[in-house]
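Visitor: A single structure is presented below for examination.
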Amino acid sequence: MIGSTLSSKISRSLPILVVLVLVLQLVATAMVLPTNATAQTKSLNPYGVNTFLEKEVEDWKKEKTFQLISEAGIGWVKQHFPWDEIEFRKGYFYDDKFKKSSWEKFDQIVNLAVKYNINIVARLDRTPQWANPLNGDPMHPPADFQNYADFVKAFVTHYKGKINYIQVWNEPNLGYEWTGTPDAKKYVEMLKLAYQAAKSADPNIKVMNAPLAMTIEKGPTNLSELDFFSQMYQAGAKSYFDVIAANGYGLEFPPEDAPDPQKLNFRRVELLHDIAVKNGDGDKQVWFNEYGWNASPETIPADKLIWRRVTEQQQADYTVRGYKYARDNWAWSGVIFMWYFRQVGDITPDRSDYYFQMVTTDFKTKPVYDALKKDALAFINQKSLPTQVPYTPVTQPVTTTAAVTTTKAVTAAAVATTTQASGSNSSSSENSGALILIIAGVVVLLAGGGGAAFYFMQQRKQQ
């Protein structure tokens with residue numbers, strides 16, 4: 001009787017328990033899964049840097065770069081994958097000059113990123129000559145946008161599972177990165193084809209529009225990014241990018257400086273976001289393609305200071321304050337990519353852009369690196385985000401330098417000997433002949449002396 005009663009009670013209570021469990025599960029799911037840009041931002045490592053590793057020759061420098069990035073708690077790199085270095089003719093991904101796959105160099109970079117748990121955003125631009133860029137300039141788009149879209153599809157297919165974000169072209173609101181004259185409608189045609197091609201290869205890939213250069217110009221050569229972005233929406237761009245890419249230079253102003261359509265500063269991005277909101281696109285995150293302050297010394301003349309100038313200490317301070325301002329005030333902000341981490345030696349110290357560097361060419365850290373590292377590590381620890389990957393420090397191989405030095409010495413000696421032996425006129429030829437006779441005589445003398453010595457030693461043994 002007791003068992004029967006208990007069974008009856010359980011039977012009556014079971015539906016209520018099932019409903020209760022389902023409700024609790026839904027609540028837990030809602031708490032865990034991000035449902036909007038704010039939730040996504042809170043679970044995202046916002047620290048990123050721009051790298052130029054496709055230009056780096058020595059493998060140890062590539063790995064050391066990733067080690068320093070990881071050590072600083074930085075979770076993202078924006079890396080250039082130039083189309084003209086990968087597809088040498090339509091559908092042909094092989095470098096005939098070096099007789100190897102054209103993917104090989106880039107595969108090494110991507111594999112290092114995977115090794116150090118660093119995410120990549122791939123910048124895809126630069127038209128190969130076979131695709132007929134305007135005036136033969138690789139900075140200009142191809143004659144047929146479908147060729148670019150086909151490359152995007154091949155790229156996404158090749159790196160599926162390793163690269164999850166791509167950037168379609170770069171700064172088309174500047175004439176020299178388009179066709180001499182900005183054209184938002186034409187850019188949207190390219191963006192649409194690239195988006196569709198990328199999604200056909202990997203539905204999970206995230207597509208970013210080309211970041212737009214900060215400018216107050218109204219044409220005809222360059223066009224304000226605010227005007228260009230508005231024109232993109234008018235041309236139907238909304239459905240063809242998942243993340244809004246923007247630039248966020250501070251110039252001479254602190255990060256808190258208020259935005260103004262006639263001023264270039266960090267918070268100018270708010271005006272760009274307002275355009276997205278106006279077009280019903282406010283839920284998309286804004287990621288900063290290029291961000292930072294320039295610390296050029298006073299030796300750089302004023303007319304060369306395109307990005308203005310702050311001190312190294314201000315550069316470090318403003319950079320950290322900018323990240324904090326974005327976290328505290330912009331629920332829609334995503335990853336902020338520093339411009340730039342380290343260059344490979346192709347920018348000289350007499351150029352202003354040399355002084356964006358966080359790490360020097362010989363891997364000495366600047367104050368901005370040290371400040372950002374402190375801030376990033378504190379943030380990821382607070383948010384319980386993945387920490388840096390353990391590694392064995394990489395340094396310049398000593399054998400490489402020694403080998404080069406030895407090779408140079410041997411080469412120099414060989415050249416000197418050859419020069420002395422061959423000469424350049426009949427007199428030196430005669431001297432060479434005499435030298436050869438002398439050497440031959442010495443050899444004969446040594447051989448004869450050695451033979452005589454051997455003979456006397458044998459005689460002595462017999463006695």
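The values are calculated or read from the model by the stated rules, or taken from the named source; none is laboratory data. Quick caveat: nothing in here was measured; it's all calculated off a predicted structure. For neighbour counting, all protein chains shown are included, and Cβ atoms are generated from backbone atoms with ideal geometry for every residue, glycine included.
Visitor: Run down Ala371, Ala331, Ala295 and say which single residue is outside any loop (DSSP other than H, G, I, E, B) and modelled with pLDDT of 95 or more. Walk me through how you get there before you give the answer.
Guide: Details: Ala331 fails: outside any loop (DSSP other than H, G, I, E, B); Ala295 fails: outside any loop (DSSP other than H, G, I, E, B).
Result: Ala371 is the single residue among Ala371, Ala331, Ala295 that is outside any loop (DSSP other than H, G, I, E, B) and modelled with pLDDT of 95 or more.
Visitor: Out of Asp137, Asp150, which single residue is over 22 Å from Tyr176 (Cα atoms), modelled with pLDDT of 95 or more, more than 19 Å from the chain's Cα centre (by Cα) and not small (Gly, Ala, Ser)? Reasoning before the result, please.
Guide: Numbers: Asp137 fails: over 22 Å from Tyr176 (Cα atoms).
Checking each option against the conditions leaves just Asp150.
Visitor: Return the pairs, sorted by first residue and then second, in which the second residue is of a type in the set (A, V, I, L, M, F, W, C) and buried (at least 20 other Cβ atoms within 10 Å of the Cβ), the first residue lies in the stretch 100-125 and is without any contact (Cβ under 8 Å) to a residue 40 or more places away in the chain and closer than 17 Å to Glu87 by Cβ, the beta carbons are less than 8 Å apart, and the residues are 6+ apart or on different chains.
Guide: Ser102/Ile86
Residue-wise test of (1) buried (at least 22 other Cβ atoms within 10 Å of the Cβ); (2) within 25 Å of Tyr165 (Cα to Cα); (3) of a type in the set (Asp, Glu); (4) touching a His at 6+ places or on another chain (Cβ under 9 Å).
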site	(1), (2), (3), (4)
Pro255	no, no, no, no
Asn265	no, no, no, no
Leu271	no, yes, no, no
Ala276	no, yes, no, no
Gly292	yes, yes, no, no
Pro297	no, no, no, no
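Visitor: So which residues in the stretch 337-368 are assigned to a loop (DSSP other than H, G, I, E, B), touching a residue at least 24 places away in the same chain (Cβ under 8 Å) and surrounded by 14 or more Cβ atoms within 10 Å (Cβ to Cβ), if there are any at all?
Guide: Applying the first criterion (assigned to a loop (DSSP other than H, G, I, E, B)) to the stretch 337-368 yields 343-351, 357-358, 360-364, 366.
Still in the running and touching a residue at least 24 places away in the same chain (Cβ under 8 Å): 343-344, 346, 350-351, 358, 363, 366.
If the condition is that a residue be assigned to a loop (DSSP other than H, G, I, E, B), touching a residue at least 24 places away in the same chain (Cβ under 8 Å) and surrounded by 14 or more Cβ atoms within 10 Å (Cβ to Cβ), then Gln343, Val344, Met358, Phe363, Lys366 are the ones that fit.
Visitor: List the pairs whose first member sits in the stretch 314-330 and is over 15 Å from Asp257 (Cβ atoms) and among the basic types (Lys, Arg), whose second member is modelled with pLDDT under 95 and assigned to a helix (DSSP H, G or I), and whose Cβ atoms are under 7 Å apart, counting only residues at least 6 apart or on separate chains?
Guide: none
Visitor: If I go through the stretch 197-207 residue by residue, how many of them are part of a helix (DSSP H, G or I) and out of contact with any helix residue (DSSP H, G or I) (no Cβ under 7 Å at 6 or more places or on another chain)? Even if it seems obvious, please write down each step before you answer.
Guide: Start the filter on the stretch 197-207 by keeping residues that are part of a helix (DSSP H, G or I), which leaves 197-201.
Of the ones still in play, those that are also out of contact with any helix residue (DSSP H, G or I) (no Cβ under 7 Å at 6 or more places or on another chain) are 199.
Count: 1.
Visitor: Name the one entry in Ala258, Ala246 that is over 17 Å from Lys186 (Cβ atoms) and over 22 Å from the mean Cα position of the chain (by Cα). If you could, list the steps in order and put the result at the bottom.
Guide: Working: Ala246 fails: over 22 Å from the mean Cα position of the chain (by Cα).
After ruling out the rest, the residue left standing is Ala258.
Visitor: Another question about this same structure. Restrict the check to the stretch 196-206 and report whether at least one residue is crowded, with 21+ Cβ neighbours inside 10 Å, touching a residue at least 12 places away in the same chain (Cβ under 8 Å) and in contact with a Leu (Cβ under 8 Å, 6 or more places away or on another chain).
Guide: No, because not a single residue in the stretch 196-206 is crowded, with 21+ Cβ neighbours inside 10 Å, touching a residue at least 12 places away in the same chain (Cβ under 8 Å) and in contact with a Leu (Cβ under 8 Å, 6 or more places away or on another chain).
Visitor: From Gly248, Gly219, Gly236, grab the single residue that is out of contact with any Ser or Thr (no Cβ under 7 Å at 6 or more places or on another chain) and touching a residue at least 60 places away in the same chain (Cβ under 8 Å).
Guide: Working: Gly219 fails: touching a residue at least 60 places away in the same chain (Cβ under 8 Å); Gly236 fails: touching a residue at least 60 places away in the same chain (Cβ under 8 Å).
Of the residues listed, the single one that is out of contact with any Ser or Thr (no Cβ under 7 Å at 6 or more places or on another chain) and touching a residue at least 60 places away in the same chain (Cβ under 8 Å) is Gly248.
Visitor: Something else now. Has the stretch 90-111 got at least one residue that is under 26 Å from Val188 (Cβ atoms), at pLDDT 95 or above and in a helix (DSSP H, G or I)?
Guide: no
Visitor: Then there is this: Search the stretch 254-270 for residues that are at negative phi and pair each with any residue that is basic (Lys, Arg) and outside any loop (DSSP other than H, G, I, E, B) when their beta-carbon atoms are under 6 Å apart and the residues are at least 6 apart or on different chains.
Guide: As it stands, the answer is Pro255/Arg321; Pro259/Arg267; Pro259/Arg268, since those pairs meet every condition given.
Visitor: Would you pick out the residues in the stretch 17-76 that are of a type in the set (S, T, N, Q), buried (at least 16 other Cβ atoms within 10 Å of the Cβ) and modelled with pLDDT of 50 or more?
Guide: Correct list: Asn45, Asn50, Thr51, Thr65, Gln67, Ser70.
Visitor: Does Ile163 satisfy being hydrophobic (A, V, I, L, M, F, W, C), buried (at least 20 other Cβ atoms within 10 Å of the Cβ) and part of a loop (DSSP other than H, G, I, E, B)? Spell out the reasoning first.
Guide: Details: hydrophobic (A, V, I, L, M, F, W, C): yes; buried (at least 20 other Cβ atoms within 10 Å of the Cβ): yes; part of a loop (DSSP other than H, G, I, E, B): yes.
Criteria met by Ile163.
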